[in-house]
Structure formats: structure tokens, C-alpha cells
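Colleague: The structure follows.
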Protein chains: 2
Amino acid sequence: MPFHQYFNGEILPIDQSIFKTNDLGLLRGYGLFDYFRTYNGLPFRWDDYWKRFENSARLLKLPLSVSQQETEKILADLFAMSGEQEVAFRFVLTGGYAPDSVNVVEPNFLIRTEALPQDNPAGRLKGIKVIPYEYVRDLPEIKTTNYVHMVLMADEMKRQQAADLLFHKDGEVSELTRSNIFIFQGDKLITSDRNILNGITRRVVLELAQPHFEIEVRPVTYKEVVTADEIFTTSTTKWVMPVVQIGDLPVQDGLAGKRTLFLQKLFEELVADWGK
Amino acid sequence: MPFHQYFNGEILPIDQSIFKTNDLGLLRGYGLFDYFRTYNGLPFRWDDYWKRFENSARLLKLPLSVSQQETEKILADLFAMSGEQEVAFRFVLTGGYAPDSVNVVEPNFLIRTEALPQDNPAGRLKGIKVIPYEYVRDLPEIKTTNYVHMVLMADEMKRQQAADLLFHKDGEVSELTRSNIFIFQGDKLITSDRNILNGITRRVVLELAQPHFEIEVRPVTYKEVVTADEIFTTSTTKWVMPVVQIGDLPVQDGLAGKRTLFLQKLFEELVADWGK
């Protein structure tokens, strides 16, 4: 597994010390990222991920030093060097080295090749528990590197055998730490469009659900979530993951919902055939 | 100026690439810092800065690998190597290298030696302009590395010839991007105690003001700020800095206030004699 990484034009071993210590990502949290994976060796929904990355960069006023086409070539090289069947890629774009630790001079652009995270097939079958957490992400549309609350609560999640935090504020639910939320009211599928990161898996699931369910994309209240018939969350790594418990409260009978499992199956079929 | 830096037990040249790319400070914004300087070659209010640093670390659940005494020795070495009359030190403590990019294994601890920032004697005499900005810092008591809004607004501040942002939310003023705020109503000195970082300069100024003014430490409304007789802001680099304009609105006659300049003089005398 000789994974490599790209940094400002160079390809380097993944373990190499790269960052100088006056980087604005490190000193000021001024950075954004994106994360996606391959299926059958091909980046999934690459155009969508790239567009989101470009959008984050534009909103943080960080110019990109490479085009989508050039980046595609880099990804192919990193993939080939990995020798793996499948990999994940993490883009990190920071404000770069700043002599005054405030003003951006030239961004640093990193692409890490990473092993796929451990899969959770039991979770996808049985569903996960989440902990309600009063918080709304700052600049939610931008995939900034600010995940302080997630790391801060990692121990507590383990203690409560929960897989994630459910962010809510002023009676409204936005998202989980790294994934979007959907609920079913009967055959009606509802997902929030406020204070969220626009998930690519979220978008794919909306496309897959379109022919089968009535869809509402709008703010979702906390009350709607805890009284929903089914709940699931979507992300690059979680796919379509049933949520069966919120804090101490089971979602209905505490089992993964049948509509959720139906969408999960559609998603699994899609990625299994990706690029074929 | 051969500045050096300390990193996890080693002393290294300041320009050396040090950080591997799976550091939680870089990937997840999970990091905190502190910043202080010498006067007459001695760290100013070292005990106070160390205690604040310890407090931030405790709140982010990051254990420290060195004691205050060991750190003091490192600072003395870095200072001696710099060959400078005065330096600033920046502590950075991150969540460290994380194989899963979520869970803390062992923090990374960095101490950078830095040149003093450019002094602004004209600003201290004439006062600065600030831009009102609707925001309250997340986890304000912790000196986290999250300064995204400050970096994002750096260009706009330059365009408006403003020196800083004045954070306010729900009718209440908390602080500036890197400094605390004080107002005078007549001879009454008021500073906020809510949603702020506990500034060391703020504390020193409260001590200096004690014999001379009535003091109120309590939440401060936006309306009180814009109608105040005098306003100033305090920080390690700004000392006691008059604020004479908020957006387009001058503070009273737009000149630095006489009580402010009196406190500024007390502070300047204190640091001039530091360690003597």
C-alpha cells in the first residue's frame, strides 16, 4: 500500500512531513476540503465533487492552481501508484503560508490518497444511534475544515455507543457532523435545505427517490424528526444509513425502515455498476 | 534572525516543513494556540498566559506533554537562539496525527518564535476604525485556531481602511477578532464577560484601571457601544488601542478619548519597566 499525496505540483509519499508551520489552515483554521472515493476504480460523481470543491474555494476566496482536467490526471496517477482496487481521495486547500499569519498569499493544495474507511454493513442493516446536539455549522455551505465539535464529542459518542451527532438549533434540524438527514412521513421523503452542506450522496439519493416517492426539500423541525416514520442519513462513506435511535428515543419500533432499505438497495446497485 | 521552533521535543529551524498531512489541526481544525511576547527579553505575564493555554487544552481534552517549567526552559533557549532584543512566541497545540482523521491519539505541540508584529503608534494615538460584524465565536473561552471570518474579511477591512471587526449578535457586543472591548460611560469603565476570550491584556488593564475608575464587568449591548463616550480595545499586540469609528459612525468627536489615553500610558509604563 505505497500511498502517495500531491502537494503544490509534487507527488510525495503519504507519510512525508510537508507543511511548514505558518500555514493558515494550521494557524487560523482557514482551510476547506473535500472527500470522495472510487467505485470500480473510478471516482464516483467526480464532476459533482469537483464543482462543490470549486464552490467552497470560491466562497473562501482561494484561487485554484489546477484545472479539473489536470486534477483528474493527478488522481489517476495517485490511484495507479496505490496498487489498490479502491481508494478515497481527500482534497485539502488552505490559505497557505502567511508571513503575517492573517493575509492569504498563495493557497496550499494537497490531495491525499487514503484507504477506504472501515465499512459498517451491520449499521446499514440495523441502523445507528445518534446524539442530539445543539449546534449549527458556521458557513455551512462551505466544506471548511472546522469539525471541532465532532472531535470534541468523539469520546462521548463512544461512551453512548452512538455513531454521530444530530445538529439542531432553534427547533430546526440541519445535518449530522458529516452527513445529511432525510425523514419519511409515510411515503413522503423530506430533507433539509437550510444550514447544510450540499451532500453529493444526498443529491444522488434524491435522484434515485424521485420516481418512487413524493419529495419535499425544505427546513425540517426537530419535532418532525423525532416523530418521523423513518430516518436515514447519507454521506460518501455512510451511503444510505438508517437512524434508529436519537439519544434515548427509538425511532418508531427501533428497526431500519423498509423505504430506507429500498433506497439503500438502489444506491448499492448504482455504485456496484459505477463506470460499467 | 535565525528563528527556531520547538516541535514535540525537538528544536528545528523555523522554515522547516514539519507537519504530516493527517494532523487533526489541519484536517479538522482541531487545534488551539496562544500568543505572547517579551518585554526587556522576558515573557510578559507568563503565568497568566500559561494558565490560559492550559485551560484551552483542558477544554479541548488535549493533554500537555510538557510542564510549565520545562516550557520556560524551551522559551529561554528559543529566545537565546533568536539573537533578538524582543520576540513573540506562538504556541500551537493540535489533535495530532489521526489514522482515522477523527480520534485524537497524541497531540502535536509546536512553539514558534516570531518577530514582533509591526507596531502601530499612529493607531494608538489617533485610534482605529472597526467594522461591525454579526458573529459570535464558537467556544469563545477556548483560544481555538478558528479565525475563518477574520481571514475571509481581511480584503474588505483593507478596502474600508478598517483595522478589525467588531463582533455582535442579538444586540450584544462580545469582542473583536483578536482583542477585547472596553467602553467608558463618563468615568465608568465597562467590559463584557460573555462570549469572550479572557484576554491577558484585558486583565492587566482592569488591574491598572481599578484605582482610577468605577468598573463594570458584564454583558455590553451594541447600543451602549455606539453611544459610548470612549471605546478602546486591548490585546497583546494592540496594547490599549482607541476605537474612534464603527463602520461609518464616528465615536463621539472621532478622537481618541482622554481616559483611554491615560490607561494606555499606564500600560506603556508597566511594560517599559517589565522585569526591572
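The values are calculated or read from the model by the stated rules, or taken from the named source; none is laboratory data. Predicted model, so just to flag it, every value in this text is computed and none were measured. Virtual Cβ from ideal backbone geometry, glycine too; neighbours counted across all protein chains shown.
Colleague: Suppose the filter is within 27 Å of A:S56 (Cα to Cα), under 16 Å from the mean Cα position of the chain (by Cα) and not assigned by TED's automatic domain parsing to the domain that holds A:I14; does A:V151 pass it? First the steps, then the outcome.
Modeller: Numbers: within 27 Å of A:S56 (Cα to Cα): yes; under 16 Å from the mean Cα position of the chain (by Cα): yes; not assigned by TED's automatic domain parsing to the domain that holds A:I14: yes.
When the stated conditions are applied, A:V151 passes them.
Colleague: Same structure, new question: Return yes when B:G96 is in contact with a Leu (Cβ under 9 Å, 6 or more places away or on another chain), within 30 Å of A:T113 (Cα to Cα), at pLDDT 95 or above and small (G, A, S) and no when it is not. Walk me through how you get there before you give the answer.
Modeller: Details: in contact with a Leu (Cβ under 9 Å, 6 or more places away or on another chain): yes; within 30 Å of A:T113 (Cα to Cα): yes; at pLDDT 95 or above: yes; small (G, A, S): yes.
Yes, satisfied.
Colleague: Next question. Among the residues of the range B:224-241, how many are over 14 Å from the mean Cα position of the chain (by Cα), surrounded by fewer than 22 Cβ atoms within 10 Å (Cβ to Cβ) and assigned to a strand (DSSP E or B)?
Modeller: Number satisfying all stated conditions: 0.
Colleague: How many residues are of a type in the set (K, R) and modelled with pLDDT under 95 if we restrict to the range B:255-276? Please lay out each step first, then the result.
Modeller: The first filter runs over the range B:255-276 and keeps only residues of a type in the set (K, R), leaving B:258-259, B:265, B:276.
From the residues that got through so far, the ones that are modelled with pLDDT under 95 too are B:276.
Residues that pass the stated criteria total 1.
Colleague: If a residue has to be of a type in the set (S, T, Y), within 19 Å of the chain's Cα centre (by Cα) and more than 21 Å from A:S101 (Cα to Cα) to count, how many in the range B:35-74 make the cut? Break it down into steps so the answer makes sense when it comes.
Modeller: Within the range B:35-74, the subset of a type in the set (S, T, Y) is B:35, B:38-39, B:49, B:56, B:65, B:67, B:71.
Narrowing further to those that are within 19 Å of the chain's Cα centre (by Cα): B:35, B:38-39, B:49, B:56.
So of that shortlist, the ones also more than 21 Å from A:S101 (Cα to Cα) come out as B:39.
Of the residues in that region, 1 qualify.
Colleague: In the range A:205-220, which residue that is part of a strand (DSSP E or B) and of a type in the set (D, E, K, R) is surrounded by the most Cβ atoms within 10 Å (Cβ to Cβ)?
Modeller: Looking only at the range A:205-220, we keep the residues that are part of a strand (DSSP E or B), and these are A:214-217, A:220.
After this cut, where a residue has to be of a type in the set (D, E, K, R) as well, the list is A:214, A:216.
Numbers: A:E214: 12, A:E216: 14.
By that ranking, first place goes to A:E216.
Colleague: Looking at (1) within 10 Å of another protein chain (Cβ to nearest Cβ); (2) in a strand (DSSP E or B), find the lone condition where A:F89 falls short.
Modeller: It is condition (1) that A:F89 fails.
So that you can scan it fast, the table gives a plain yes or no per residue for (1) touching a residue at least 12 places away in the same chain (Cβ under 8 Å); (2) more than 21 Å from B:N198 (Cα to Cα); (3) buried (at least 20 other Cβ atoms within 10 Å of the Cβ):
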| position | (1), (2), (3) |
| --- | --- |
| B:V105 | no, yes, no |
| B:L110 | yes, yes, yes |
| B:A115 | yes, yes, no |
| B:Q118 | no, yes, no |
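Colleague: Next question, about the same structure. Output the qualifying pairs, or none if there are none: Cβ atoms under 9 angstrom, residues six or more apart or on different chains, first residue in the range B:82-103 and farther than 24 Å from B:V66 by Cβ and in contact (Cβ under 8 Å) with a residue 60 or more places away in the chain, second residue in a strand (DSSP E or B) and of a type in the set (D, E, K, R).
Modeller: Every condition considered, the pairs that remain are B:S101/A:R90; B:S101/A:E114.
Colleague: Every residue in the range B:138-148 that is touching an Asp or Glu at 6+ places or on another chain (Cβ under 8 Å) and surrounded by 20 or more Cβ atoms within 10 Å (Cβ to Cβ), please. Lay out the reasoning, then the answer.
Modeller: Initially, the range B:138-148 is screened for residues touching an Asp or Glu at 6+ places or on another chain (Cβ under 8 Å), giving B:138, B:140, B:143-144, B:146, B:148.
Once the filter is applied, which keeps residues that are touching an Asp or Glu at 6+ places or on another chain (Cβ under 8 Å) and surrounded by 20 or more Cβ atoms within 10 Å (Cβ to Cβ), the range B:138-148 yields B:K143, B:T144, B:N146, B:V148.
Colleague: Which residues, counting only those in the range B:242-276, are of a type in the set (G, A, S) and assigned to a loop (DSSP other than H, G, I, E, B)?
Modeller: Within the range B:242-276, the subset of a type in the set (G, A, S) is B:247, B:254, B:256-257, B:272, B:275.
Within the range B:242-276, B:G247, B:G254, B:A256, B:G257, B:G275 meet the criteria.
Colleague: Another one. If we keep just the residues of the range A:1-25 that are more than 7 Å from chain B (Cβ to nearest Cβ) and aromatic (F, W, Y), which is farthest from A:L93 (Cα to Cα)?
Modeller: A:F3
Colleague: Does A:A122 count as modelled with pLDDT under 95, more than 27 Å from B:R137 (Cβ to Cβ) and aliphatic (A, V, I, L, M)?
Modeller: On the way: modelled with pLDDT under 95: yes; more than 27 Å from B:R137 (Cβ to Cβ): yes; aliphatic (A, V, I, L, M): yes.
Yes.
Colleague: At the interface with another protein chain (Cβ under 8 Å from one of its Cβ atoms) and assigned to a loop (DSSP other than H, G, I, E, B): which single residue out of B:V104, B:V136 fits that description?
Modeller: Values: B:V136 fails: at the interface with another protein chain (Cβ under 8 Å from one of its Cβ atoms).
Being at the interface with another protein chain (Cβ under 8 Å from one of its Cβ atoms) and assigned to a loop (DSSP other than H, G, I, E, B) holds for just one of B:V104, B:V136, which is B:V104.
Colleague: Test each condition in (1) surrounded by 17 or more Cβ atoms within 10 Å (Cβ to Cβ); (2) under 27 Å from B:L27 (Cα atoms) for B:I128 and report the one that comes out false.
Modeller: (2)
Colleague: A further question on this structure: Looking at B:Y35, B:Y30, can you tell me which residue is within 30 Å of B:D273 (Cα to Cα) and assigned by TED's automatic domain parsing to the domain that holds B:A80? Don't jump to the end; show me each part of the working.
Modeller: On the way: B:Y30 fails: within 30 Å of B:D273 (Cα to Cα).
Step by step, each of B:Y35, B:Y30 is checked, and only B:Y35 is within 30 Å of B:D273 (Cα to Cα) and assigned by TED's automatic domain parsing to the domain that holds B:A80.
Colleague: Are there any pairs with C-beta distances below 7 angstrom linking a residue in the range B:205-223 that is among the small types (G, A, S) to a residue that is surrounded by 12 or more Cβ atoms within 10 Å (Cβ to Cβ), with the two at least 6 apart or on different chains, and if so which?
Modeller: Between residues of the range B:205-223 that are among the small types (G, A, S) and residues that are surrounded by 12 or more Cβ atoms within 10 Å (Cβ to Cβ), the close pairs are B:A209/B:L189; B:A209/B:I215; B:A209/B:L263.
Colleague: Another one. Can you tell me how many residues in the range A:154-165 are within 10 Å of chain B (Cβ to nearest Cβ) and surrounded by 15 or more Cβ atoms within 10 Å (Cβ to Cβ)?
Modeller: The qualifying residues number 2.
Colleague: Return the residues of the range A:26-59 that are facing another protein chain (nearest Cβ under 9 Å), surrounded by 19 or more Cβ atoms within 10 Å (Cβ to Cβ) and either part of a helix (DSSP H, G or I) or among the basic types (K, R) (or both); say none if nothing qualifies.
Modeller: If the condition is that a residue be facing another protein chain (nearest Cβ under 9 Å), surrounded by 19 or more Cβ atoms within 10 Å (Cβ to Cβ) and either part of a helix (DSSP H, G or I) or among the basic types (K, R) (or both), then A:L26, A:L27, A:R28 are the ones that fit.
Colleague: Got at least one residue in the range A:64-81 being closer than 16 Å to A:I14 by Cβ, surrounded by 19 or more Cβ atoms within 10 Å (Cβ to Cβ) and within 14 Å of chain B (Cβ to nearest Cβ)?
Modeller: Yes, there is a match, as at least one residue in the range A:64-81 is closer than 16 Å to A:I14 by Cβ, surrounded by 19 or more Cβ atoms within 10 Å (Cβ to Cβ) and within 14 Å of chain B (Cβ to nearest Cβ).
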